[in-house]
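Engineer: I'd like to ask some things about the structure below.
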């Protein structure tokens, strides 16, 4: 859910009123704005699956092409030259 919120700026299932929000959650009624890339949509859709046994694992997330293409490997600071 946080990945969606970071990209879109609001929760994925937010709707008018609690009843409608709960309905969207239970049905995994997920809508993406046009600016969300196909790769991001694919990853988020694989994470927000109703059946927890079918959701992407952390290792699958790390191997997903969208993550691999957009992740930056952190560089460690170099010690000062002597």
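Engineer: Which of the residues spanning the range 38-51 are modelled with pLDDT under 95 and over 11 Å from the mean Cα position of the chain (by Cα)?
Structural biologist: Those that are modelled with pLDDT under 95 and over 11 Å from the mean Cα position of the chain (by Cα): 49, 50, 51.
Engineer: Follow-up question, since we're still on this one. Report whether or not residue 62 is farther than 16 Å from residue 5 by Cα and surrounded by fewer than 10 Cβ atoms within 10 Å (Cβ to Cβ).
Structural biologist: Numbers: farther than 16 Å from residue 5 by Cα: yes; surrounded by fewer than 10 Cβ atoms within 10 Å (Cβ to Cβ): no.
When the stated conditions are applied, residue 62 does not pass them.
Engineer: Also, I was wondering about something else. If I go through the range 1-24 residue by residue, how many of them are loosely packed, with under 10 Cβ neighbours inside 10 Å, outside any helix (DSSP H, G or I) and either on the phi < 0 side of the Ramachandran plot or in contact (Cβ under 8 Å) with a residue 24 or more places away in the chain (or both)?
Structural biologist: 2
Engineer: When the range 12-34 is examined, which residues are found to be under 24 Å from residue 69 (Cα atoms) and touching a helix residue (DSSP H, G or I) at 6+ places or on another chain (Cβ under 8 Å)? Quick ask: steps written out before the conclusion?
Structural biologist: Within the range 12-34, the first condition is being under 24 Å from residue 69 (Cα atoms), and the residues that meet it are 12, 30-34.
Within the range 12-34, 12, 30, 32, 33 qualify.
Engineer: Among the residues of the range 25-56, what is the count of those that are over 12 Å from residue 12 (Cβ atoms) and loosely packed, with under 10 Cβ neighbours inside 10 Å?
Structural biologist: Within the range 25-56, residues that are over 12 Å from residue 12 (Cβ atoms) and loosely packed, with under 10 Cβ neighbours inside 10 Å number 7.
The values are calculated or read from the model by the stated rules, or taken from the named source; none is laboratory data. Being a predicted model, the structure only gives us computed values, none of them experimental. Every residue, glycine as well, gets a Cβ built from its backbone with ideal geometry; the counts of neighbours run over all protein chains shown.
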